[in-house]
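The values are calculated or read from the model by the stated rules, or taken from the named source; none is laboratory data. Quantities reported herein were computed from a predicted structural model and do not represent experimental measurements. Ideal geometry is used to build each Cβ from the backbone, glycine not excepted, and the neighbour counts take in all protein chains shown. Surface accessibility is based on the protein's heavy atoms, side chains included, excluding ligands, DNA and RNA. Shrake-Rupley method; radii C 1.70, N 1.55, O 1.52, S 1.80 Å.
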Amino acid sequence: MTLIVNILGILSIAVALFLFGPGQLFAEKKLWSLKPINEITVPANTKNDWSRNVIDDFILKKLSVESLTPSPRADRRSLIRRASYDLTGLPPSPETVETFMNDPSNDGIAFSKIIENFLGSSAYGEKWGRHWLDVVRYADTAGENSDHPIEDAWRYRNWVVDAFNSDKPYDEFVREQIAGDILATEKKGAEFADSIIATGYLAIARRFGHDIDKRMYLTYEDAIDNLGKTFLGLSIACARCHDHKHDPITSADYYALYGVMASSRLPFPGCEPKQQPRDLVPLVTNNVIEENKEWEEKLKKLERDLVENPKKELIKVASESYKMLSEGHLPVGKSIDFSSDPIKINVRKGEAIQISIAPNANHGADTTLIDLKIKHQTDSGNLEWSTQDLIDILTKSNPLNSNKAIWYFLDIGPEGPRLLNEKAEAIDGQSTLKKWSIGGLPSVAINNGEDPVKVWTEIPARSFFVHPSADSPVAVTWISPVTGKIEIELKVADGHAFGDGVIWQLQHFANHKIHSSYEKLALDKHGIAKIEEHKNTKPITKTDYAYAVAEGKPKDYPIHNRGDAKDLGPVVKRRFLSVLGGEILGDKDHSGRLDLANLIVSPKNPLTSRVMVNRIWAWHFGQGIVGTPNDFGTHGAAPTHPELLDHLALEFIKSGWSIKQMHRMIMSSATYQQSARSGPGPKKYSGFERRRLSAEEIRDTILYLSGMLDVSPGKEHPFPPRDKWNFTQHNPFAGEYASSKRSIYLMRKRNQISSFFSLFDGPDPNASTASRSRTTVPSQALYFMNDPFFHDCAEQFASNIRAIGPDQRLERACQQLFSRSASQTDHEDFEDFARAMAPTVSNDPEEQDTEIWKSYSRILMSSNEFLYLD
């Protein structure tokens, strides 16, 4: 009969599931976590001499029911080490320990000072920021099959650190991560940038597949899944394919939130078929971006009017009046000389004669000596102009006036024609060598000394020489101050036997208007000042970008039947979860993210404050009041102390959502300050549970003790330049970057987790890590025996210890490693070890001492007392 009843019961449930769906069936049973948070009456305990605050009253009540008693208060040494690692992830300095141990204040006041000291440290944000990054599955790579690096993810990481250090109210902390870009419209400067960066929370959602644009529905699922777990403690993504099997979340609820995510623009990190990132968000306001565009346009116009147009005009006039007087190839070590047979032509005032030197076919550009003389006979006598006349005045100006003629020194390569505008009064430290150039080359130069100068070659005394660059000829142009016949004498000689020589050309530009074109090319001081003045008014000199979210094209999306993105069902209006009110999110102009954020942090929402205070509690005690911090649903654990949880949740809101105030409240309790105890007691808060240092704490501490820890904040990682990216499924990004900074700043890959963090139970950046597992395996011991990084740190620690007097070494080592003085047993153990090891090293006492301390340091730094907190 019983069997028949059970079968009928199962059949009735099956029918209900078929007719109504699981969400409707289970929604009838109200979750404890969805009930409003009400004011809680603090228990009155008769044995109240133990309690330090209301937390203890709740704990003591439950201990009494369980017939358990609390443990005595931990000694100050254990407390300061516990508090230091809990709040900063680093050991307390010996000086801080000594101050605390000698503080004459009562224990409560003395410990409160220590708490404030650690809360005020920048290391606090690095420790607690790492907790948060576990939950939001932070990574520096995208996670698709080629695991593309995300160059700007670090900005979100650092924003989290800064948010914890500044005790940013948790409601603001949440709003900015979900809708910071929308909130930023009312902000400027650093506040604007910070709000944009905060949305990196949504941006770092994992990407999937080969072409990630085709798999964005999976990225939206990842974002919804993490949002539900992180802020609400609900597994919303379970409703992607069907109504939630256990919690009151329907598939329509899921796709209502899907519409919010899909109405937002997530950045594109790159993938195998599309290597380059896009849709990054500039960290300046739109107004500044528009101002910058206007500035760029004005600069282009100034440069066009004052630089580009004169170039074009000169090229046009020169090409129309061009006459080649002579040209040729000057071989290495050779020269040409037209002195005995000068070139005779007629010129008009304002026309130009130009000698140019260009590199030969294989760019054998090199030093070329030039002696150009131009003569003109008049009724009143002969006039003569020569490059030799310029030797003592070359760097006076460019253009240069000499004997009523004007000389121009030019780069006539791809960027030209342009004046050589960089003056050097010495070359290679030789003060008799002077030049005009652009970027070093091409150049026009002189040696005005009475002796040759040995530099890259020997430069003759009193010489005029030029040097083209590999792709730019150099020219010396003479503007005629006369009209009539002139004679041109020219000597060109190789000044450095190298390469394959140069090409020389002697040209006549037979158009008197060319002088006007050269004058326009030579920007006057007013024109240069105008351009420079405009450059100094640029709104932003560099635009930084964030891997962040922006508003997209808002619209509602259909249900994907059975989670199949190709099998579409009815469209669902964007809204909040039905069980939390189902308010409409967004409209035709807005995605709805800001509405969503406001509903999540509404004091009327019973989940958000409960979830966060439970996390804070868990990160202090190693277990939450709710043992499943990411799951406050039917399959999650029930709270062990529901009244305490609600009391803390209300206090959290009343404190202005201050996380630091929660620390103060929890750590000042007698519950937190209990001594460590073995057995099941600590699970029920009858004693404090010992814990091993986390992976980050181990690494950071051994770096700290070695003196090699770089405590400055980390920034971007040295990823390969974007133009070198060619990551594929078979050749994914796999970089590793050594660093002496704190572990939070190390680069974290999604598809290949560091062996160290894997070994010591670090987080998996592919999924939210609510609490870390704790394993003890032989390979951990092997790490301390064999790892080069650990050995290097231990060796440096030993070196630092040996730098002090022998009688103080073990004392100092114990203070730094264990926050206590060395005991008689410590001294005896060390002496026994030293006696045993010394004969195995050498007969040299100095070498023996070095090796003994190197080995003993490794023993101390891998001991349980070092690795575990009481």
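With axes computed from alpha carbons, what is the tilt in degrees of helix 788-802 against the longest principal axis of the chain, rounded to the nearest 10 within 0 to 90?
So the helix axis and the longest Cα principal axis differ by about 90 degrees.
Helix 170-183 against the longest principal axis of the chain: what's the angle in degrees, Cα atoms only, rounded to the nearest 10?
So the inclination is approximately 40 degrees.
If packing is taken as the average count of other Cβ atoms within 10 Å, what order do 776-786, 396-406 fall into, highest mean first?
Highest mean packing first, the order is 396-406, 776-786.
At 1.4 Å probe size, with no ligands or nucleic acids counted, give the accessible surface of Val317 in Å², nearest ten.
20 Å²
Where Lys and Arg each count +1 and Asp and Glu each count -1, what net charge lies around Val711 among other residues with Cβ under 12 Å from its Cβ?
Taking every Cβ under 12 Å from that of Val711, the sum is -1.
In the neighborhood of Ile40, defined by Cβ-to-Cβ distances under 15 Å, what is the net charge if each Lys or Arg adds +1 and each Asp or Glu adds -1?
-1
Compute the acute angle (0 to 90°) between the alpha-carbon long axis of helix 525-535 and the principal axis of greatest extent of the alpha-carbon atoms of the chain; round to the nearest 10°.
Rounded to the nearest ten degrees, it is 10.
Which value, in debye to the nearest 20, gives the size of the charge dipole of the chain about its Cα centre, when Lys and Arg are +1 and Asp and Glu are -1 at the Cβ?
That gives the chain a dipole magnitude of about 2380 debye.
Heavy-atom accessible area per residue, the chain, 1.4 Å probe: how many Å²?
Result: 44 Å² of accessible area for each residue.
Anything over 27 Å Cα to Cα? Flag those among Lys188/Lys298; Lys404/Lys434; Lys293/Lys555; Lys316/Lys485; Lys187/Lys293; Lys187/Lys724, in the order listed.
Where the Cα-Cα span goes over 27 Å, the pairs concerned are Lys293/Lys555; Lys187/Lys724.
Along the charge dipole of the chain, Cβ charges K/R +1 and D/E -1, which of Tyr156, Met216, Ser356 sits furthest on the positive end?
Result: Met216.
Roughly how many Å is it from the Cα centre of region 58-93 to that of region 309-379, as a whole number?
Cα centres, region 58-93 to region 309-379: 90 Å.
Starting with the highest mean, order 181-191, 814-824, 150-160 by the number of other Cβ atoms within 10 Å, averaged over the residues of each peptide.
150-160, 814-824, 181-191
Could you tell me what percent of the accessible area of the chain is made up of carbon and sulfur, with a 1.4 Å probe and every protein chain present?
52 percent
Roughly how big is region 202-339's charge dipole about its Cα centre, with Cβ charges of +1 (Lys, Arg) and -1 (Asp, Glu), in debye to the nearest 20?
The dipole magnitude comes to about 260 debye.
Please work out the Cα center distance from region 119-135 to region 403-460, rounded to the nearest Å.
Here the two parts' Cα centres lie 59 Å apart.
Alpha carbon centre of region 735-801 versus region 700-715: separation in Å?
About 14 Å separates the Cα centre of region 735-801 from the one of region 700-715.
Calculate, axis by axis, the spread of Cα positions in the chain along the three principal axes, and write the results as whole Å, longest axis first.
Cα extents, longest axis first: 135, 85, 49 Å.
Return the equivalent ellipsoid semi-axes of region 766-870 as a descending list in whole Å, where each equals the square root of 5 times an eigenvalue of the C-alpha gyration tensor.
Equivalent ellipsoid of region 766-870: 29, 17, 13 Å, largest first.
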